[in-house]
Amino acid sequence: MQKAHVLPDVITYNAVVSACEKARRWQEALGLLLVMQKSDLALDVISYSAAISACEKCGQWQQSLFMLATMQKNSLVVDFVMFSAAISACEKCAQWEYALWLFEAMPKAWLEPNFITCNAAISACEKADQWQKAIRLLAMMKAATLVPSLRTYNATISASGKGGQWENAVGFLGMMRKTHCSLDVITYNASISAHEKGEQWQQALGVLSLVQISTLVPDIISYNSSISAGEKCNRWRQALALLQELPVIELVPTDISYNAAIGACDKAARDVRRLNASSQRARSCTKVIIESAGVLCCPDD
């Protein structure tokens with residue numbers, strides 16, 4: 001264009017910035033904004049929107065926040081899309097404080113948060129283990145008559161599990177089933193993981209059985225969390241039974257599967273020896289536990 005003595009205008013630059021956004025080339029997108037400024041071209045909402053979206057896709061949350069601040073400084077209107085992109089960028093990098101700050105700043109910009117921004121903020125809290133904040137945001141959604149989605153509940157259950165709040169996970173799972181909200185394997189896995197972290201092996205196996213009787217198919221994560229729950233609660237028989245079940249349902253055990261099962265057997269053997277080290281029965285039980293673990297964890301030997 002320049003060789004033909006036709007200088008690119010704002011529309012031309014915006015089109016190229018948008019192309020960079022689609023190609024996830026955030027550095028080139030920001031570089032074009034600098035070129036526009038040096039060319040004395042006024043950046044508009046479209047320019048910033050495409051650049052913020054490019055940064056969001058690449059997790060460049062600092063750049064997203066900087067451009068939002070620049071827009072407000074230049075009296076440009078920040079809309080839903082830009083707020084959502086910036087919150088999502090913070091969510092991808094577990095920057096829950098900034099995600100919540102943006103979320104709470106939306107009403108000040110005469111924008112009401114929607115389920116997309118709520119989901120991004122809750123997901124940011126889940127990644128940062130901020131279960132209280134995630135639950136508060138879920139309550140805010142309901143108060144604003146926003147219907148929580150599957151992603152909303154999954155993130156909240158996961159956040160509760162990471163915070164050791166397995167009771168909350170039970171409550172949310174029950175709420176979803178009561179309201180006929182669709183559940184997926186991620187939902188059940190998050191609940192099983194919550195019970196595993198809370199050392200509630202019976203509840204973990206109960207949730208696993210719910211997956212098995214549903215139309216869903218449990219995956220290796222479902223089983224690994226259940227085996228780990230057995231390990232933490234010294235239920236070596238249950239842990240080994242689950243490990244033995246994997247080949248039957250055509251799931252390949254992972255290192256996590258074997259380590260959790262072996263750990264359960266190791267704890268059980270040590271407990272037996274500690275209770276009655278001199279007893280012949282104790283030695284026999286220890287031998288059975290170790291041999292059971294060896295047979296199941298080393299099937300090719």
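Which FRET efficiency value, to the nearest 0.05, do you get for ASN74 and VAL147 by plugging their Cβ-Cβ distance into 1/(1 + (r/R0)^6) with R0 = 22 Å?
The value I calculate is 0.05.
Could you state the principal axis extents of the C-alpha atoms in the stretch 157-267, from the largest down, to the nearest angstrom?
41, 29, 18
Stretched out fully, how many nm does the piece from PHE115 to GLN244 gain, at 0.36 nm a residue minus the Cα gap? Don't skip to the answer; put the middle values down first.
Numbers: separation 129, 0.36 × 129 = 46.44 nm, distance 4.22 nm.
Net length gain for the segment: 42.2 nm.
Using the Karplus curve 6.51 cos²θ - 1.76 cosθ + 1.60 with θ = phi - 60°, work out ³J(HN,Hα) for each residue of the stretch 170-175 in order, rounded to whole Hz, and write x for Gly and Pro.
Result, ordered by residue: 4, x, 5, 5, x, 5 Hz.
What do you get for the angle between helix 61-73 and the principal long axis of the chain? Use alpha-carbon atoms, 0 to 90 degrees, nearest ten.
30
Relative to the longest principal Cα axis of the chain, at what angle does helix 280-297 sit, 0 to 90 degrees, rounded to 10?
The angle comes out near 40 degrees.
Suppose every Lys and Arg Cβ carries +1 and every Asp and Glu Cβ carries -1, with no other charges. What dipole size does the chain come out with about its Cα centre, to the nearest 20 debye?
Result for the chain is approximately 700 debye, rounded to the nearest 20.
Given TRP236, THR152, GLN200, which one lies farthest toward the positive end of the charge dipole of the stretch 144-262, if we put +1 on the Cβ of every Lys and Arg and -1 on the Cβ of every Asp and Glu?
Positive-end residue among those listed: THR152.
How far is helix 201-213 tilted off the main Cα axis of the chain, in degrees rounded to 10, range 0 to 90?
That works out to roughly 70 degrees.
In nm, to one decimal, how far is the GLU28 label point from the LEU7 one, both placed 7 Å along Cα→Cβ?
Label-label distance for GLU28 and LEU7, simple model: 2.4 nm.
Tell me the relative contact order for the stretch 160-204 as a rounded percent, counting alpha carbon contacts under 8 Å between residues six or more apart.
Details: 40 pairs, mean separation 21.6, N = 45.
Once divided by the residue count of the stretch 160-204, the mean separation gives 48 percent.
For the stretch 129-157 and the stretch 50-121, what is the centre-to-centre distance using only Cα atoms, to the nearest Å?
Here the two parts' Cα centres lie 18 Å apart.
Classify the stretch 6-69 as rounded, prolate or oblate from the Cα gyration tensor: take a ≥ b ≥ c as the square roots of its eigenvalues, call it rounded if a/c is under 1.5, otherwise prolate when a/b beats b/c and oblate if not.
Prolate.
Counting helices only, and only those DSSP H runs with n ≥ 4, report the 222 nm mean residue ellipticity of the chain as the sum of -39,500 (n - 2.57) divided by its residues, in deg cm²/dmol to the nearest 500.
Value at 222 nm, helices only: -23000 deg cm²/dmol.
When the accessible area of the stretch 87-239 is split by element with a 1.4 Å probe, what percent falls to carbon and sulfur?
Summing carbon and sulfur atoms, their accessible area is 57 percent of the total for the stretch 87-239.
At 20 °C and 1.002 mPa s, grab the translational diffusion coefficient of the chain from Stokes-Einstein with a Kirkwood Rh over Cα pairs, rounded to a whole number in µm² per second.
95
Whole Å is fine, so just give me how far the alpha carbon centre of the stretch 171-196 lies from that of the stretch 213-229.
Their Cα centres are 13 Å away from one another.
Please name whichever of THR12, ALA264, SER64 sits farthest to the positive end of the charge dipole of the chain, dipole taken about the Cα centre and charges placed at Cβ: Lys and Arg +1, Asp and Glu -1.
Result: ALA264, furthest along the dipole toward the positive end.
Once the Cα gyration tensor of the stretch 106-170 is found, what semi-axes does its equivalent ellipsoid get, as square roots of 5 times the eigenvalues, in whole Å, sorted largest first?
Semi-axes (√(5λ), whole Å): 21, 12, 9.
In Å², and per residue, what accessible area does the chain have when probed at 1.4 Å with the other protein chains present? Mind dumping the intermediate values first?
Values: 15910 Å² over 301 residues.
Result: 53 Å² per residue.
The values are calculated or read from the model by the stated rules, or taken from the named source; none is laboratory data. Note that the structure is predicted; figures quoted are calculated from it, not measured. Every residue, glycine as well, gets a Cβ built from its backbone with ideal geometry; the counts of neighbours run over all protein chains shown. The protein model used for the area step is the full one, side chains on, heavy atoms only, and it has no ligands, DNA or RNA in it. Shrake-Rupley method; radii C 1.70, N 1.55, O 1.52, S 1.80 Å.
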